[in-house]
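J.: Questions regarding the structure given below will be posed in turn.
Bear in mind these aren't lab numbers, they're just calculated from the coordinates by the rules spelled out. What you are looking at is a predicted structure, and each value in this text was computed from that prediction instead of being measured. For neighbour counting, all protein chains shown are included, and Cβ atoms are generated from backbone atoms with ideal geometry for every residue, glycine included.
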Amino acid sequence: MEFKKLTPEEENVIVNKGTERPYSGKYESFTGKGTYVCKRCGAPLYRSEDKFDAGCGWPSFDDEIPGAVKKQTDADGIRTEILCARCGAHLGHLFKGEGLTPKNTRHCVNSISMDFIPATSQTAVKQQSATDTAIFAGGCFWGVEYYMMKIKGVISTTVGYTGGHTENPTYEQVCAGNTGHYEAIEVVFDPSKTTYEDVAKLFFEIHDPTQWNHQGPDRGEQYRSAVFYRNQNQKDITEKLISILKKKGYNVVTEVKPAGKFWKAEDYHQDYYNHKGSEPYCHGFVQRF
């Protein structure tokens, strides 16, 4: 990944997680229409329609472009830090419960962490549609995420629960087998660098799509194999790939279902194997296409 060369002031905030002085940033009271992108890597972060005046001295947004922003506990152990999901650049902090907008969320962002692309620019139009999202279930979500994160063009991954009937499910509830949920992963990717078909192919090659209600040694309904399509194109591609596998002799049991509400799993499940420093025990790459 190529990064833009930063000035010492930019590096202090973006790399060293500093904070610019309040009311000093060029986007604090800026009202232009367009897209805010990461200063370091150019990834789209926020749309101008989600910006609001919080009176705090820094640009504020009550929503992000899907998959663009990563959240983690700040070094102070109290606040939530927000970073560019693509390159890890420090953006600022996330606050909730202030009641400033109906979404009750405030992304407090340093101006110096961003560039702005006007809506009149063709580039802005491209940036606003620069991501796509795929949702898969293929056994323990730790292993699926481990391999999905390695795809060139993947911007972010989030493991969670979907397909069931219980709202705000916990890991313990899902494992108990009475929520109907699958352990699943949401993959946000850049369509200019990879395609939905390539991402879906890898999904079918890193788990065994012929196993029902289990994957390797893991047993339970949450380990079912499924693709949750977000549009007709994703559905058609998935069914095409399954047809190819069946012609090759694979008794594919993977379900193809419309995407519904995706519930993010607990923080300790996110990027599990990288944090643990180990590799999956029930997933591995097998070339099938």
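J.: Please give the contour-minus-distance gain from CYS175 to PHE52: 0.36 nm per residue of separation, less the Cα-Cα distance, rounded to one decimal in nm. It would help to have the intermediate numbers written out before the result.
T.: Numbers: separation 123, 0.36 × 123 = 44.28 nm, distance 4.07 nm.
Taking CYS175 through PHE52 to full extension adds about 40.2 nm, to one decimal.
J.: Here is a follow-up. With the Cα gyration tensor of region 236-289 giving a ≥ b ≥ c as the square roots of its eigenvalues, does the rule (a/c under 1.5 for rounded; else a/b larger than b/c for prolate; else oblate) give rounded, prolate or oblate? Show your work: numbers first, answer last.
T.: Values: a/c = 3.60, a/b = 1.51, b/c = 2.38.
Oblate is the answer for region 236-289, as a/c is 1.5 or above yet b/c matches or exceeds a/b.
J.: Further question: Taking P(r) over Cα pairs in 10 Å bins from 0, in percent as the quantity of interest, determine which of (i) 7, 31, 38, 21, 4, 0; (ii) 6, 26, 32, 22, 11, 2, 0; (iii) 5, 21, 26, 22, 14, 6, 3, 2, 0, 0 was computed from the displayed structure.
T.: Recomputing P(r) over Cα pairs in 10 Å bins from 0, in percent here gives the entry labelled (ii).
J.: For the residue pair VAL286 and LYS152, what label-to-label distance in nm results when each label sits 7 Å from Cα along the Cα-to-beta-carbon direction?
T.: Computed distance between label sites VAL286 and LYS152 equals 2.7 nm.
J.: Next up: When a/c reaches 1.5 or more, the comparison of a/b and b/c decides; with that in mind, is region 188-268 rounded, prolate or oblate per its Cα gyration tensor?
T.: On the way: a/c = 1.63, a/b = 1.04, b/c = 1.57.
It is oblate, given that a/c is not under 1.5 and a/b is not larger than b/c.
J.: To continue, here is another question. From the square roots a ≥ b ≥ c of the eigenvalues of the alpha-carbon gyration tensor of region 8-126, which class results: rounded (a/c under 1.5), prolate (a/b over b/c), or oblate?
T.: Numbers: a/c = 1.39, a/b = 1.15, b/c = 1.21.
Rounded, because the longest to shortest axis ratio a/c is under 1.5.
J.: Now a separate question. Please report, in debye to the nearest 20, how large the charge dipole of the chain is about its Cα centre when each Lys and Arg carries +1 at its beta carbon and each Asp and Glu carries -1 there.
T.: Details: 35 positive and 37 negative charges, 155 e Å.
Result for the chain is approximately 740 debye, rounded to the nearest 20.
J.: What are the extents of the Cα atoms of region 131-276 along their three principal axes, in Å, largest first?
T.: Result, largest extent first: 36, 31, 28 Å.
J.: Also, quick follow-up: What dipole magnitude, in Debye to the nearest 20, does region 8-126 give about its Cα centre under +1 on Lys/Arg Cβ and -1 on Asp/Glu Cβ? Walk me through the numbers before you get to the answer.
T.: Numbers: 16 positive and 16 negative charges, 60 e Å.
I would put it at about 280 debye.
J.: With point charges of +1 on the Cβ of Lys and Arg and -1 on the Cβ of Asp and Glu, referenced to the Cα centre of the chain, which listed residue (PRO118, HIS93, GLN215) lies farthest in the positive direction of the dipole?
T.: The one lying farthest along the dipole's positive direction is PRO118.
J.: Sticking with this structure for a sec: Taking only DSSP H segments of four or more residues, each worth -39500 (n - 2.57), what value at 222 nm results for the chain once the sum is divided by all its residues, to the nearest 500 deg cm²/dmol? Walk me through the intermediate numbers first.
T.: On the way: 7 runs with 60 residues, N = 289.
Estimated from H runs of four or more residues: -5500 deg cm²/dmol.
J.: How long, wide and thick is region 1-50, going by the Cα atoms along their three principal axes, in whole angstroms, largest first?
T.: Taking max minus min along each principal axis of the Cα atoms, region 1-50 gives 29, 29, 14 Å.
J.: Can you give me the distance in nm between label points at PHE30 and SER192, each placed 7 Å from the Cα along the Cα-to-Cβ direction?
T.: Those two pseudo-labels are separated by 1.9 nm.
J.: Net charge around TYR229, counting only other residues with Cβ within less than 11 Å of its Cβ (Lys, Arg = +1; Asp, Glu = -1)?
T.: Details: positive: ARG230, LYS235, LYS257; negative: ASP236, GLU239, GLU255.
Spelling it out: positives minus negatives among the neighbours equals 0.
J.: What list of ³J(HN,Hα) couplings, whole Hz, do you get for region 185-194 from phi and the Karplus terms 6.51, -1.76, 1.60, once you set θ to phi - 60° and write x for glycine and proline?
T.: Per residue, the Karplus-derived 3J(HN,Hα) values read 9, 9, 10, 9, 9, 9, x, 7, 10, 8 Hz.
J.: Now, a different point. Between PRO102, PRO44, PRO191, find the one with the highest GNM mean-square fluctuation for the chain; connect C-alpha pairs within less than 10 Å.
T.: It is PRO102.
J.: For labels at TRP212 and HIS165 in the simple 7 Å Cα→Cβ model, what's the distance in nm?
T.: About 2.1 nm, to one decimal.
J.: How large is the dipole of region 168-289 about the Cα centre if only Lys and Arg carry +1 and Asp and Glu carry -1, each at its Cβ, rounded to the nearest 20 debye? The partial results should precede the final answer.
T.: Details: 15 positive and 17 negative charges, 109 e Å.
In total the dipole reaches around 520 debye.
J.: Can you give the FRET efficiency to the nearest 0.05 for ASP115 and ASN16, using r as the Cβ-Cβ distance and R₀ = 22 Å? Walk me through the numbers on the way to the answer.
T.: Working: r = 19 Å, r/R0 = 0.88.
The computed FRET efficiency comes out at 0.70.
J.: In addition: Can you give the net charge of the other residues whose Cβ lies under 9 Å from the Cβ of PHE95, counting K and R as +1 and D and E as -1? Walk me through the numbers on the way to the answer.
T.: Details: positive: ARG79, LYS96, ARG106; negative: GLU98.
Here the count lands on +2.
J.: Also, I was wondering about something else. In the neighborhood of GLN72, defined by Cβ-to-Cβ distances under 14 Å, what is the net charge if each Lys or Arg adds +1 and each Asp or Glu adds -1?
T.: Details: positive: LYS17, LYS70, LYS71, ARG79, LYS264; negative: ASP74, ASP76, GLU81, GLU266, ASP267, ASP271.
It works out to a net charge of -1.
J.: Calculate the length of the line joining the C-alpha centroid of region 138-161 to that of region 182-253, in whole Å.
T.: For region 138-161 versus region 182-253, the Cα centre distance is 12 Å.
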